[in-house]
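Notes follow once the structure below has been shown.
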Amino acid sequence: YAFFPGRPFWPANRRDLTYGFLPANELSDEVKAVFTRAFEKWSAVTPLTFTQTDSFFSADIKIAFYSGDHGDGEPFDGVLGTLAHAFSPTNGRFHLDAAENWVVSGDVTTSSLSSAVDLESVAVHEIGHLLGLGHSSVEDAIMFPTISSRTRKVELANDDIDGIQSLYGSNPNFNGSATTSTTQERETSDGEA
Amino acid sequence: RFFPNITAIPPWPLPNATSLAPWDAFKKFAGCQSGEKRDGLSKLKQYFNNFGYIPNSPTNFSDDFNDELEKALKIYQQNFNLNVTGQLDDQTLQQIVRPRCGNADIVNGTSSMNSGKSSSFHTTGHFRTTAH
């Protein structure tokens, strides 16, 4: 695991974080629930808590879907390629490429669409950035930079847990090891468009 | 486009087979060797610049497979646990075109991955700093 340069993290007085969704995206509750599940992966292993708020502009973490150029100097590029990006603590911005074919439930690995992307998998990765983790070379880690289409990868690996806990400590209810999931990363194709 | 579940994916308007993902064009560089000049290599260098492997250039990137590109490839291959050849082999290209997070692997000259953990890695030149 690794951190951003300077090892930024959320200070001790900001460990109960709020997250909000760009109103213009008009996301359904089902889509919002995907992010709730993604945040829970990290709150389960740290003392951090995450609460949804309706006031987007005062939220600690601001989640928004954009297409192409959206004003932060890192334009999105359409279907596949770059899927999303997130800023280091305590910036809190989390952007996803609105052009992707996001799947919010069901088994994405059986999708008929070769460019189907599992929203929760990408959300868990980007939340790692929001909390201060950089990319990892450990391939089964959530913080590994790439994910093929039609692939689901939502369980934190030990590399992820070690990294985040060295920033924030552990959750008292955490039993101390990564969830071993045989279905962690199943892919049926290699992201062929 | 959100698909609530797999069965909800409509048969239309599936992208037709010819609509390529942004980086699929890089596959044509398979077997490209150091010292060659290939149309479009500048876009691959831009890719590596976006993810921190090649520093910003005051001028546009060229289509030459130069030392800078070879070095970037070696660091990339190290980061992604590939054979460190410095060449555009199939294994490397397959990884390059894979969908990914837009955050850089190398930020302000510091690699957060494998190559940042070996002392041999250091970068020169000016890096664009972003708020990530």
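The values are calculated or read from the model by the stated rules, or taken from the named source; none is laboratory data. All figures in this text were calculated on a predicted structure; none of them were measured in a lab. With ideal geometry, Cβ positions are generated from the backbone for all residues, glycine too; neighbour counts draw on all protein chains shown.
Would you pick out the residues in segment B:98-114 that are part of a loop (DSSP other than H, G, I, E, B), within 7 Å of another protein chain (Cβ to nearest Cβ) and of a type in the set (A, V, I, L, M)?
Result: B:113, single match.
Quickly run through segment B:49-86 and pick out the residues that are under 20 Å from residue B:37 (Cα atoms), part of a loop (DSSP other than H, G, I, E, B), at pLDDT 95 or above and out of contact with any helix residue (DSSP H, G or I) (no Cβ under 7 Å at 6 or more places or on another chain).
Passing the criteria: only B:66.
Would you mind listing the strands (runs of 3 or more DSSP E) fully within segment A:1-103 where at least 2 residues are modelled with pLDDT of 95 or more and more than 9 Å from chain B (Cβ to nearest Cβ)?
Strands (runs of 3 or more DSSP E) meeting the threshold: A:16-21, A:49-52, A:61-66, A:93-97.
Applying the selection to segment A:149-171, what residues are part of a loop (DSSP other than H, G, I, E, B) and within 15 Å of the chain's Cα centre (by Cα)?
A:153, A:154, A:155, A:156, A:157, listed by residue number.
The rows are residues; the columns are (1) over 15 Å from the mean Cα position of the chain (by Cα); (2) more than 26 Å from residue B:111 (Cβ to Cβ).
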{"position": "B:28", "(1), (2)": "no, yes"}
{"position": "B:37", "(1), (2)": "yes, yes"}
{"position": "B:46", "(1), (2)": "no, no"}
{"position": "B:49", "(1), (2)": "no, no"}
{"position": "B:52", "(1), (2)": "no, no"}
{"position": "B:56", "(1), (2)": "no, no"}
{"position": "B:60", "(1), (2)": "yes, no"}
{"position": "B:75", "(1), (2)": "no, no"}
{"position": "B:81", "(1), (2)": "no, no"}
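Given the criteria modelled with pLDDT of 95 or more, surrounded by fewer than 22 Cβ atoms within 10 Å (Cβ to Cβ) and within 12 Å of chain A (Cβ to nearest Cβ), does residue B:128 qualify?
no
Against the conditions (1) among the small types (Gly, Ala, Ser); (2) closer than 28 Å to residue B:111 by Cβ; (3) touching a strand residue (DSSP E or B) at 6+ places or on another chain (Cβ under 7 Å), where does residue A:43 fall short? Just the number, please.
(2)
Inside segment A:59-95, can you point out the residues that are hydroxyl-bearing (Ser, Thr, Tyr) and under 19 Å from residue A:9 (Cα atoms)?
Scanning segment A:59-95 gives A:88, A:90.
Quick check on my filter: what residues within segment A:138-157 are facing chain B (nearest Cβ under 8 Å) and either out of contact with any Pro (no Cβ under 9 Å at 6 or more places or on another chain) or among the acidic types (Asp, Glu) (or both)?
Across segment A:138-157, the qualifying residues are A:139, A:145.
Pairs please, first residue from segment A:113-137 and hydroxyl-bearing (Ser, Thr, Tyr), second anywhere and in a strand (DSSP E or B), Cβ atoms under 8 Å, 6+ apart in sequence or on different chains.
Once the first residue is hydroxyl-bearing (Ser, Thr, Tyr) and sits in segment A:113-137, its partners that are in a strand (DSSP E or B) give A:115/A:101; A:121/A:151; A:121/A:152.
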